[in-house]
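Following: one structure in structure tokens, then a few remarks.
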Amino acid sequence: MSLSEEQVSQITYLARLSLNEAQLKDNTQDLNAIFSLVEQLANIETDGIEPMSHPLHMSQRLREDIVAEQDQSVLFQSVAPKTSNGYYLVPTVIE
Amino acid sequence: MHTKTIVELAQGLKDKDFSCVELTQHYLNRIDQSNLNAFITVTDELALVQAQAVDNKIASGNANILTGIPYAHKDIFCTKGVKTSAGSKMLDTFVSPYDATVSQKLNQADLVMLGKTNMDEFAMGSSNENSFYGTVKNPWNRLKIPGGSSGGSAASVAGGLSCFATGTDTGGSIRQPASLCGITGLKPTYGRISRYGMIAYASSLDQAGPMTKTAQDAAIVLNVMAGFDDKDSTSAEQKVPDYTTHLNDSIKGLTIGLPKEFFSSGLDDEVADNIMVAVKEFEAMGAIVKEVSLPNSTHAIPAYYIVAPCECSSNLSRLDGVRYGYRAKNVKNLEDLYLRSRSEGFGEEVKRRIMIGTYALSAGYYDAYYLKAQKVRHLISDDFKKVFEQVDVIMGPVSPTTAFDLGSVKDPVSMYLADIYTLSANLAGLPGMSIPAGFAQKLPVGLQLIGNYWSESKLLNIAHQFQLQTDWHLKTPQEC
């Protein structure tokens, strides 16, 4: 398998990243080298093996569906780039 | 004062040889004069306020062993009111509104935080060359890397800039820098320490732990850091023992497994010699050595470099320039805001791993990469299970070489190979340690111990017994 620059460009878009031409070239080369390393996994016999989703095979701990946290939106919004009236402000997207 | 352990400093404070303010000021002066770039933020004013409060507490006879001990906190742990950057431009302006559980526990123990340590961005790296705040230098040789991603923490302890430090280990990020800087580093069993408020890189692998001068100090700090936390859904409901209780147990009859895969080509001869001398030391103490095999550990690198990037691409998707962190200026629209904030805010290695994860999780590739890697992870874990039916502990090198030159490893694949001996313990969720075990090319060599689940107490006992017989952990760099 070999990734083309076009495919890497599509991956960057999906990841919401942008690369310039030189970065795209370098990253295509690096990703191909990394995926060549990863390709060896294909040769390992894993039929009947369960995927390991948790190192301790623990299941998700659930809690009662009750409010456990107090409202801290003002505190949390204090670190946002811009807020107004309890909302996060982002640059205008609809003129 | 800066060469003393927690135990020695606690005694000094108790005997009034020095006050906590004097001790804290001593460390702050050393940080100020150091050129290791080990800290991103030095919290000098806060530290002196804490130190004064601690002096009052000691005077009133209300001290525990950790009261007033100055430590350095990896900049991945959220600290209320103090910048938490995770080594990234993305979080350069982020001042956390809350404390991580680990931060809260350390505060409650009356420790004095000197500052937040430098690290590879979002804990992605094996050399500490991926930080927005510049590379950290190895205290033993400033032209060498300190190891990553907890390189700032390791350098601060080795360089006498803090008595101990916190670290996190996703693929070896406590053990590898501990090894390369000649200190003691412990990665506990996954789930042993709360991940709440620890900025997530790969959630099924990340685990916090202490980085100290000695195993005894590591036991003391782990007593405070460990424990169930209902704020963390991955935290294990497992009773926390007193880790100092079994330090002095005899290790006569201990069975040590040496995995043949950990001594294959690629391991530096001098590093291998040091490891074998350390193993002989254990034999002299009555341990029995066996060769064992972890056949699937050779697949740990490709499995890790799928699992971890997949998790990181998901975890870091929250950083979009909207709610907190870096926001690009003069953007055209919302999509441009996301693209530019993330592209300008993340460094090269982080972007690379996000791209790997995005691709591996995309439609049509999920089964071939992510699911396959998770199955291989199971095989790796099963290998350990079989080996622990035969031995008490696994030993081997931490890193194939000693600290390499800054800037000398350019391509990512070669850098990823530096983690070859540490990754499998993370994939299986097992505890591991690095303890100083000699020198090669005038640089420290670490011996790795890997134990069965929840065997931290045993690992600390084994490490402590080694440190009673050797003095590698007492060596310090001449000039810091």
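The values are calculated or read from the model by the stated rules, or taken from the named source; none is laboratory data. Keep in mind that this is a model prediction, so the values were computed, not measured. For neighbour counting, all protein chains shown are included, and Cβ atoms are generated from backbone atoms with ideal geometry for every residue, glycine included. For the accessible areas, the whole protein counts, side chains as well, though only heavy atoms, and no ligand, DNA or RNA atoms are used. Shrake-Rupley method; radii C 1.70, N 1.55, O 1.52, S 1.80 Å.
Charges only on Cβ, +1 for Lys and Arg, -1 for Asp and Glu: so what's the dipole of the range B:129-288 about the Cα centre, in debye to the nearest 20?
Working: 13 positive and 17 negative charges, 55 e Å.
Computed charge dipole of the range B:129-288: roughly 260 debye.
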Notebook entry, point to check: Any idea what log10 I(q)/I(0) is at q = 0.12, 0.18, 0.23 Å⁻¹ for the range B:305-423, Debye with uniform C-alpha scatterers and no solvent?
Noted result: -0.66, -1.08, -1.24
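To the nearest whole percent, what portion of all C-alpha pairs in the range B:1-87 is separated by more than 16 angstrom?
Values: 2058 of 3741 pairs.
Percentage above 16 Å: 55.
Stretched out fully, how many nm does the piece from residue B:476 to residue B:57 gain, at 0.36 nm a residue minus the Cα gap? Numbers along the way, then the final one.
On the way: separation 419, 0.36 × 419 = 150.84 nm, distance 3.18 nm.
Between residue B:476 and residue B:57, full extension yields 147.7 nm more.
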Check: Taking K and R as +1 and D and E as -1, what net charge do the other residues with C-beta under 12 Å from the C-beta of residue B:404 add up to?
Finding: -1
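What is the average number of partner chain Cβ atoms found within 10 Å of a Cβ in A:31-39? Numbers along the way, then the final one.
Numbers: counts 5, 0, 5, 13, 7, 2, 8, 13, 3.
Mean inter-chain Cβ contacts per residue within 10 Å come to 6.
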Check: Spin-label point model (7 Å from Cα, Cβ direction): what's the residue B:231 to residue B:333 distance in nm?
Finding: 4.0 nm
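Skip the ligands, DNA and RNA, and give the accessible area per residue of the range B:297-446 with a 1.4 Å probe, whole Å².
32 Å²
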Checklist line | Choice from A:36, A:73, A:18 with maximal GNM fluctuation in chain A (Cα, 10 Å cutoff) | finding: A:73
Next item on the list: Scan the range A:1-66 for GluC sites (Glu not before Pro) in coil per DSSP, keeping those whose Cβ has at most 16 other Cβ atoms within 10 Å, and list them by number.
Entry: A:45, A:64
Item checked: Longest to shortest principal axis, alpha-carbon extents of the protein assembly as shown, angstrom -> 70, 57, 52
Next item on the list: Starting from the amide H of residue B:292, placed 1.01 Å from N in the peptide plane, find each other amide H under 5 Å away whose residue is 5 or more places distant or on another chain.
Entry: B:258, B:260
Notebook entry, point to check: What do the square roots of 5 times the Cα gyration tensor eigenvalues come to for the range B:187-322, in whole Å, largest first, as semi-axes of the equivalent ellipsoid?
Noted result: 32, 24, 13
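Have a look at the DSSP beta bridges in the range B:59-185 and tell me what percent are antiparallel, nearest 5.
Working: 3 of 10 bridges.
If we restrict to bridges inside the range B:59-185, about 30 percent are antiparallel.
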Next item on the list: Ignoring ligands, DNA and RNA and using a 1.4 Å probe, state the total buried accessible area between B and A in Å², rounded to the nearest 100.
Entry: 5100 Å²
Check: In terms of the ratio Rg/(2.2 N^0.38 Å) built on C-alpha atoms, what value belongs to the range B:409-459?
Finding: 1.38
Next item on the list: Give the value in nm², to one decimal: projected area of the alpha carbon convex hull of the range A:1-75, averaged over all directions.
Entry: 10.5 nm²
Next item on the list: With N denoting the number of residues in the range B:199-239, provide Rg(C-alpha) divided by 2.2 N^0.38 Å, to two decimal places.
Entry: 1.32
Margin query: Taking R0 as 56 Å, what FRET efficiency do you get between residue A:7 and residue B:16 from their Cβ-Cβ distance, rounded to the nearest 0.05?
Written below: 0.25
Notebook entry, point to check: Local charge sum around residue B:102 (other residues, Cβ-Cβ under 10 Å, Lys/Arg +1, Asp/Glu -1)?
Noted result: +1
Note to self: Among B:200, B:136, B:39, which residue has its Cα furthest toward the positive end of the charge dipole of chain B, with +1 on Lys/Arg Cβ and -1 on Asp/Glu Cβ?
What the structure shows: B:200
Check: Hey, got the average number of other protein chain Cβ atoms within 10 angstrom for residues in B:355-368?
Finding: 4
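Let's see if you can work this out: charge +1 on each Lys and Arg Cβ, -1 on each Asp and Glu Cβ, no other charges. What is the dipole magnitude of the protein assembly as shown about its Cα centre, in debye to the nearest 20? Write out the running numbers ahead of the final one.
Working: 49 positive and 64 negative charges, 143 e Å.
Value, rounded to 20: 680 debye.
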Checklist line | Local net charge near residue B:244, Cβ-Cβ under 13 Å (Lys/Arg +1, Asp/Glu -1) | finding: -4
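With only alpha-carbon pairs counted, each pair once and no self-pairs, how large is the Kirkwood hydrodynamic radius of chain B in angstroms?
Working: mean 1/r = 0.0452 Å⁻¹.
Hydrodynamic radius (Kirkwood, Cα only) of chain B equals 22.1 Å.
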Check: What size of dipole, in debye to the nearest 20, comes out for the range B:257-312 about its Cα centre when the only charges are +1 on Lys and Arg C-beta atoms and -1 on Asp and Glu C-beta atoms?
Finding: 240 debye
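Full extension from residue B:366 to residue B:440: what is 0.36 nm times the residue separation minus their Cα-Cα distance, to one decimal in nm?
Roughly 22.4 nm would be gained on extension.
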